[in-house]
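Single-structure report; data block below.
The values are calculated or read from the model by the stated rules, or taken from the named source; none is laboratory data. Quantities reported herein were computed from a predicted structural model and do not represent experimental measurements. FYI the Cβ positions are ideal-geometry reconstructions off the backbone, even for glycines, and counts take in every protein chain you see.
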Amino acid sequence: MNNRSDNQSGQGPLDLENLYKQTLSGVSMAADDREKVRLISNFFSSTRHLPDDLTYSFHLQLAGLFIFLTASFQPDCLPPEELLGYVDISWQLFNRFSDRIDHN
């Protein structure tokens, strides 16, 4: 565990790419959409402190999948803490990418 936090603070492009690939692998083997969203959420949470230029393409690729999967969730089927976490991530993604979307 201590190793992981040291690695995250000094995470380079190769480490980030490996984490991204591990996340995609986990998503492909997940039992259901809720587990997929949880894995993607963990990726966002563990990389949110990294510079934008390092994480931009990874976050953009996973943002579409995150939004697609959470769109089918019924709010009353999720614990409030879990739902709040997903809403928080959705706002972060909106704030990060809204000025880069062509609305025409």
Subset of segment 69-83 (residues that are surrounded by 11 or more Cβ atoms within 10 Å (Cβ to Cβ) and out of contact with any Phe, Trp or Tyr (no Cβ under 9 Å at 6 or more places or on another chain)): Leu69, Glu82
For the list (1) farther than 22 Å from Ala30 by Cβ; (2) of a type in the set (Asp, Glu); (3) surrounded by 10 or more Cβ atoms within 10 Å (Cβ to Cβ), I need the number of the one condition that Asp102 fails. (3)
Residues located in segment 28-42, provided they are assigned to a helix (DSSP H, G or I) and either more than 20 Å from Val87 (Cα to Cα) or among the small types (Gly, Ala, Ser) (or both): Ser28, Met29, Ser41
Given the conditions (1) at pLDDT 90 or above; (2) surrounded by 15 or more Cβ atoms within 10 Å (Cβ to Cβ); (3) among the polar types (S, T, N, Q), which single one is not true for Gln8? (1)
Which one of these is assigned to a loop (DSSP other than H, G, I, E, B) and in contact with a helix residue (DSSP H, G or I) (Cβ under 9 Å, 6 or more places away or on another chain): Ser90, Ser45, Ser72? Ser72
When only residues in segment 46-68 that are surrounded by fewer than 15 Cβ atoms within 10 Å (Cβ to Cβ) and aromatic (Phe, Trp, Tyr) count, which is nearest to Leu14 (Cα to Cα)? Tyr56
Might you let me know whether segment 20-28 holds any residue that is over 15 Å from Thr70 (Cβ atoms) and at pLDDT below 90? no
